[in-house]
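Please read the structure below before turning to the comments.
The values are calculated or read from the model by the stated rules, or taken from the named source; none is laboratory data. What you see is a predicted model, and the numbers here were worked out from it, not measured in a lab. Cβ placement follows ideal geometry from the backbone for every residue including glycine, while neighbour counts extend to all protein chains displayed.
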């Protein structure tokens, strides 16, 4: 009896090996005394994942029955006295009646056993697997197994279970891939009138959660609050791609035909089949099962674009959010999850939605019309190649396009202080300017000039962190992450100091109307005076030489 108790301790320890997958309740299939074969079912098997099982020890069901008629214990045996090196650190063998029985060493703890078994399973070569199956979106079942202690290995993690007095073992894969939403924009700065292109992705496992608590992902709700600064938004593509990005598993662009400010889009992530039980017992008969549509970790990728129509201020970060909400079957035993896209009150979303966003920034350019002494000049007008804009207050213009066809440029005029502001430019834009009208009394510029946005940066200090609590709810430690971010938060007047100075010089004075003017007389007089001086000097030199 002591030997049986020791073997039961081993069995319990092995059943508790929950490295990445936790053993679940065992499904009963007949009298454990008469059953000769067993099954291992991976209930939340991920589509596309390969599951391999390795037989570690043989198991013997005790013929001794307890008072309820059940087997009194289970014993584990190995083919020889020498165990693999990793297992030998925690197990030892004992020869009894010509068989090598396995028991836990007396000085080893449960944690020691769990770690040793974990390392042993992880180190096994795939080619050594007793059986191997690829998940097809349904539970993976290994049947007709001899009794024994098996390790179950997948790319998701390592599971260990025991097929003992309960011939049908049910385990759960961890599904360790964490949902990850991302949203990126093609550039980080745009001019008004430009086409802004976004790409949003969301990767998810077939199941959310771990172990017996894992829930089948049945659909994903996508919501994008399209901002006022975008118009004419069009979805250019929406597809499901494999986790490695090499294979397109489905084109779902049609679902996003009406993707807009308030539109919710539901993307089916699993299909329900009624009446297909996935275990050989009454508890699951005629219920049905979910089948994952896509491989584990597949990504929903949405590409769309729109026209930048406005900005709220110079350098304001215009943020565009997208939200992905995975919905799960709340029980994993029925297909009654509410699939009505217009009413999801009965749906079972997984905790909080996953949100991603990206930002774009627009800037402004400024110039100041001055004379040679840097005094402000009013009245100057300009055109810039490819630029069209609308006028607001005096001297302030908002871009409508920086790529207009030749001949459609807008004429822009400085204000009374000689200032001209152009709002809504990408940081990398260079405007080529031409003066079309100089200030009164000044020469017109005979060359073009370049005007670039004045990108005014302001340092913003960010601090974030995590507070850790002990078992009694007291703060045990605090981790603080510090970083600097730079953004732009400036008003028009803040651009004055950085404005490009465009200098005009005064024009040449012309003769007065009705006469030949005084300048000519001054010029002739000056010539006569100079000539008289030259003659006088020449005569003196001649006299001195005589």
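Select, from 378, 372, the only residue that is surrounded by 14 or more Cβ atoms within 10 Å (Cβ to Cβ), farther than 30 Å from residue 200 by Cβ, assigned by TED's automatic domain parsing to the domain that holds residue 444 and touching a residue at least 60 places away in the same chain (Cβ under 8 Å).
On the way: 372 fails: surrounded by 14 or more Cβ atoms within 10 Å (Cβ to Cβ).
After ruling out the rest, the residue left standing is 378.
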- Task: Tell me, please, whether a residue that is modelled with pLDDT under 90, part of a loop (DSSP other than H, G, I, E, B) and assigned by TED's automatic domain parsing to the domain that holds residue 215 can be found in the range 316-326.
- Result: yes
- Task: Considering only residues that are in contact (Cβ under 8 Å) with a residue 60 or more places away in the chain and touching a helix residue (DSSP H, G or I) at 6+ places or on another chain (Cβ under 7 Å), look in the range 118-151 and name the one that is farthest from residue 74 (Cα to Cα).
- Result: 120
- Which ones in the range 199-218 are surrounded by fewer than 22 Cβ atoms within 10 Å (Cβ to Cβ) and modelled with pLDDT of 90 or more? 199, 201
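Report yes if some residue within the range 128-135 is surrounded by fewer than 19 Cβ atoms within 10 Å (Cβ to Cβ), over 44 Å from the mean Cα position of the chain (by Cα) and not in a helix (DSSP H, G or I); otherwise report no.
Let us first name the residues in the range 128-135 that are surrounded by fewer than 19 Cβ atoms within 10 Å (Cβ to Cβ), namely 128-134.
Of the ones still in play, those that are also over 44 Å from the mean Cα position of the chain (by Cα) are none.
Among the residues of the range 128-135, not one is surrounded by fewer than 19 Cβ atoms within 10 Å (Cβ to Cβ), over 44 Å from the mean Cα position of the chain (by Cα) and not in a helix (DSSP H, G or I), which makes the answer no.
Name the strands (runs of 3 or more DSSP E) wholly within the range 392-461 that hold at least 1 residues that are over 26 Å from residue 317 (Cβ atoms) and outside the structural domain of residue 193 (by TED's automatic domain parsing)?
Of the strands (runs of 3 or more DSSP E) lying wholly inside the range 392-461, those with at least 1 residues that are over 26 Å from residue 317 (Cβ atoms) and outside the structural domain of residue 193 (by TED's automatic domain parsing) span 431-437, 449-451.
Residues checked against (1) farther than 24 Å from residue 191 by Cβ; (2) modelled with pLDDT of 90 or more:
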| residue | (1), (2) |
| --- | --- |
| 435 | no, yes |
| 463 | yes, no |
| 490 | no, no |
| 506 | yes, no |
